[in-house]
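Colleague: Starting off with a structure, shown below.
The numbers here are math on the coordinates, done by the rules we state, and not lab data. The model shown is predicted, which means the values in this text are computed figures rather than measured ones. Cβ atoms come from the backbone with ideal geometry, glycine included; neighbour counts cover every protein chain shown.
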Amino acid sequence: MPETNPLESPTPTANSKVPSRRRNTSRGRRISSRAAAILLATTGLLTAVAIALAQEPAAPASDATDVSTGVYTEEQAAVGAEVFLANCSGCHGAELEGGFGPQLAPIGEHWHGSSLGALYAFVSSAMPFSAPGSLEPQQYADVLAFVLQQNGYPAGEEPLAPDEEALEAFVLDVPQAATTPEY
């Protein structure tokens, strides 16, 4: 019988089984489906935020009207509050304080000076995070009315139209409530 070296691998033959030297490593490296879902959702949210921040807001028309003149109705904001609670508060918080998504009150300063049409276009195409563009156009306008109300913009006589082009006529200025010092 020939002498064998125990450090050498045995040469397999057609009928022999060579023991596998691979360890079962799947147990330690497998992530749960919940962790995978959280990772995927976080990646998606960060991507959406990065896209929103990277977009150059459309310059409002030179004859644009400030949103602080009143561009929505109280009734529209009340309907928007219901839509927001059902579709947006999971990420942005019931009080718009943020959480998984960014806070919406106060609204991000990068939106100041932008047209309301640009904000409507972003929200209606990218939100809600779990199903972008899934709400009706009027629901997006109603939610914007609610967000404007919660940011101190006053109500007006006419509701916001669910029309990006029409909303280009309004510019997001700093609401008076945010600039008036309290004494």
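Colleague: Which value in nm describes the separation of the simple spin-label points at Gln138 and Glu74, placed 7 Å from the Cα toward the beta carbon?
Modeller: Computed distance between label sites Gln138 and Glu74 equals 2.1 nm.
Colleague: If you don't mind, another one. When the Karplus curve 6.51 cos²θ - 1.76 cosθ + 1.60 is applied with θ = phi - 60°, which whole-Hz ³J(HN,Hα) does each residue of the range 150-166 get, with x for Gly and Pro?
Modeller: 5, 9, x, 6, x, 6, x, 8, 10, x, 5, 8, x, 9, 3, 5, 5
Colleague: Determine, from the Cβ-Cβ distance of Asp163 and Arg34 and an R0 of 45 Å, the FRET efficiency 1/(1 + (r/R0)^6), rounded to the nearest 0.05.
Modeller: For R0 = 45 Å, the calculated efficiency reads 0.65.
Colleague: Per-residue HN-Hα couplings for the range 93-98, Karplus 6.51 cos²θ - 1.76 cosθ + 1.60 at θ = phi - 60°, whole Hz, x for Gly and Pro?
Modeller: Ordered by residue, 3J(HN,Hα) equals x, 4, 9, 6, 7, x Hz.
Colleague: Amide H of Thr65 versus every other amide H placed in the peptide plane: which residues, excluding those fewer than 5 positions away on the same chain, fall under 5 Å?
Modeller: Hits under the 5 Å cutoff: Phe170, Val171.
Colleague: What is the calculated FRET efficiency for Ala94 to Gln176, with r their C-beta to C-beta distance and R₀ = 30 Å, to the nearest 0.05?
Modeller: Values: r = 25 Å, r/R0 = 0.84.
The computed FRET efficiency comes out at 0.75.
Colleague: What's the local net charge at Asn87, with K and R +1, D and E -1, over the other residues with C-beta under 15 Å away?
Modeller: On the way: positive: none; negative: Glu82, Glu136, Asp142.
Overall, the nearby charge balance is -3.
Colleague: In addition: Per the Kirkwood formula on distinct C-alpha pairs, the Rh of the range 115-157 is how many angstrom? Working shown, then result.
Modeller: Details: mean 1/r = 0.0922 Å⁻¹.
For the range 115-157, inverting the mean 1/r across all distinct Cα pairs yields 10.8 Å.
Colleague: With r defined as the distance between the Cβ atoms of Ala126 and Glu82 and R0 fixed at 22 Å, what FRET efficiency is calculated, to the nearest 0.05? Spell out each step's value before the answer.
Modeller: Values: r = 21 Å, r/R0 = 0.95.
Step by step, r from the Cβ atoms, then E = 0.55.
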